[in-house]
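Q: Encoded as structure tokens, here's the structure I'll be asking about.
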Amino acid sequence: MQPVTACKQQIDYGTYHLSFQEVLLALGKGAAVSALFAYIFYRSMLAFGFMLPLCCGILIWRERRQRLKRRKRMLAQQFKEAMVILAASLSAGYAVENAMAVSLEELRLLYGEQGLIVREFSGMVQQIRTNRNVEQVLAEFAGRSGLEDVQNLAEVLGIGKRTGGDLGSIMRHTAEVIRDKMQVKEEIITLTTSRQFEQKIMNMIPFFIIVYVEGSSPGFFDQMYCTGMGRVLMTMCLILYLTAFWLSERILDIEV
């Protein structure tokens, strides 16, 4: 995760800038994948040189996307806890503006100054103290985070303040809905974790088979690497493998 330089710095949760170490990690993975594919499917340094920039580019994009999703999931989990704390503060009789300031102190104890939700609440409290509208501040946060729950909170607060409703009761109900939704997400993640592990094993089986056969029967695959037809067939196998890999990831990529 990127270092925080200032509380007022707002995070755009739709983008992620990889650190130097993260880029090196992605490049290392790209080089390893390129070497594996070039050896298994072509036994050619030329193929390795062709695949290297392509694989590195794809894996840098993939690393960025995975870290982006991980950060967004972390924000959603922290926001769920923030909702519970905020609802309790409202039930204690605090106005929305004061409830957010009180909640911020409790969130600092939970996540520290560098916590994502702490940064967000700190920025929102500062804006509210400059007489900005709470709903507008939350709406801006919802736009940056892409979290539907934040947008719902902004709308609920706006309606509750305009109609003079019991904000404590409304917030408790909203917090329960968000908590239930997050629990469903966590259950789905738990259920798919074992399937994702099985997917990784299945992805490696074709390589193990080829290495085993080549080791037990040297020269068995020579025709696949030394003839034009063999190279065409191996290219088709590579395309089929990549298609199966993509489909398996799409199947397990469940959004709630």
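The values are calculated or read from the model by the stated rules, or taken from the named source; none is laboratory data. Model, not experiment: these values are computed from the prediction. Note: ideal-geometry Cβ built from the backbone for every residue, glycine included; neighbour counts use all protein chains shown.
Q: Go through (1) of a type in the set (G, A, S); (2) in contact (Cβ under 8 Å) with a residue 12 or more places away in the chain; (3) over 30 Å from E176 (Cα atoms) one by one and return the number of the condition A76 breaks.
A: (3)
Q: Turning to a different aspect of this structure: Tally up the residues in region 141-182 that are among the polar types (S, T, N, Q), at pLDDT 80 or above and surrounded by fewer than 12 Cβ atoms within 10 Å (Cβ to Cβ), please.
A: Step one: list which residues in region 141-182 are among the polar types (S, T, N, Q), which gives 145, 151-152, 163, 169, 174.
Retained after the next criterion (residues that are at pLDDT 80 or above): 145, 151-152.
If we keep only those that are surrounded by fewer than 12 Cβ atoms within 10 Å (Cβ to Cβ) too, we end up with none.
Qualifying residue count, region 141-182: 0.
Q: Next up: Would you mind finding the one in I189, I209 that is part of a helix (DSSP H, G or I), loosely packed, with under 13 Cβ neighbours inside 10 Å and without any contact (Cβ under 8 Å) to a residue 12 or more places away in the chain?
A: Working: I189 fails: loosely packed, with under 13 Cβ neighbours inside 10 Å.
Matching residue, one of I189, I209: I209.
Q: Something else now. Filtering region 192-206 down to residues that are surrounded by fewer than 13 Cβ atoms within 10 Å (Cβ to Cβ) and touching a residue at least 24 places away in the same chain (Cβ under 8 Å), which residue is farthest from G160 (Cα to Cα)? Can you show your working first?
A: Taking region 192-206 as the starting set, the residues that turn out to be surrounded by fewer than 13 Cβ atoms within 10 Å (Cβ to Cβ) are 193-195, 197-198, 200-202, 204-205.
This time we only want the ones that are touching a residue at least 24 places away in the same chain (Cβ under 8 Å), so: 195, 202.
Details: R195: 43, M202: 52 Å.
Ranking the qualifying residues of region 192-206, first place goes to M202.
Q: Just to be sure, is A95 more than 30 Å from G215 (Cα to Cα) and touching a residue at least 12 places away in the same chain (Cβ under 8 Å)? Steps first, please.
A: Working: more than 30 Å from G215 (Cα to Cα): yes; touching a residue at least 12 places away in the same chain (Cβ under 8 Å): no.
So A95 fails the test.
Q: For G215, are the conditions met, namely being in a helix (DSSP H, G or I) and either surrounded by fewer than 12 Cβ atoms within 10 Å (Cβ to Cβ) or among the hydroxyl-bearing types (S, T, Y) (or both)?
A: Details: in a helix (DSSP H, G or I): yes; either surrounded by fewer than 12 Cβ atoms within 10 Å (Cβ to Cβ) or among the hydroxyl-bearing types (S, T, Y) (or both): yes.
Against the criterion (in a helix (DSSP H, G or I) and either surrounded by fewer than 12 Cβ atoms within 10 Å (Cβ to Cβ) or among the hydroxyl-bearing types (S, T, Y) (or both)), G215 qualifies.
Q: Looking at region 87-104, can you tell me whether even one residue there is closer than 27 Å to E22 by Cβ and among the charged types (D, E, K, R)? Full working, then the answer.
A: Of the residues in region 87-104, the ones closer than 27 Å to E22 by Cβ are none.
Among the residues of region 87-104, not one is closer than 27 Å to E22 by Cβ and among the charged types (D, E, K, R), which makes the answer no.
Q: Taking the condition under 13 Å from R43 (Cα atoms), polar (S, T, N, Q), at pLDDT below 90 and out of contact with any Gly (no Cβ under 7 Å at 6 or more places or on another chain), does T227 pass? Give the derivation first.
A: On the way: under 13 Å from R43 (Cα atoms): yes; polar (S, T, N, Q): yes; at pLDDT below 90: yes; out of contact with any Gly (no Cβ under 7 Å at 6 or more places or on another chain): yes.
Here the answer is yes, as T227 does meet what is asked.
Q: May I ask you to list the residues in region 38-55 that are more than 12 Å from R231 (Cα to Cα) and surrounded by fewer than 19 Cβ atoms within 10 Å (Cβ to Cβ)?
A: Step one: of region 38-55, the residues more than 12 Å from R231 (Cα to Cα) are 39, 45-46, 48-55.
Passing the criteria: Y39, M45, L46, F48, G49, F50, L52, P53, L54.
Q: Among the helices (runs of 4 or more DSSP H) confined wholly to region 86-168, which include 2 or more residues that are among the charged types (D, E, K, R) and within 19 Å of R179 (Cβ to Cβ)? Talk me through it step by step, then tell me what you get.
A: Numbers: elements: 96-111, 116-129, 134-145, 148-163.
Answer list for region 86-168: 148-163.
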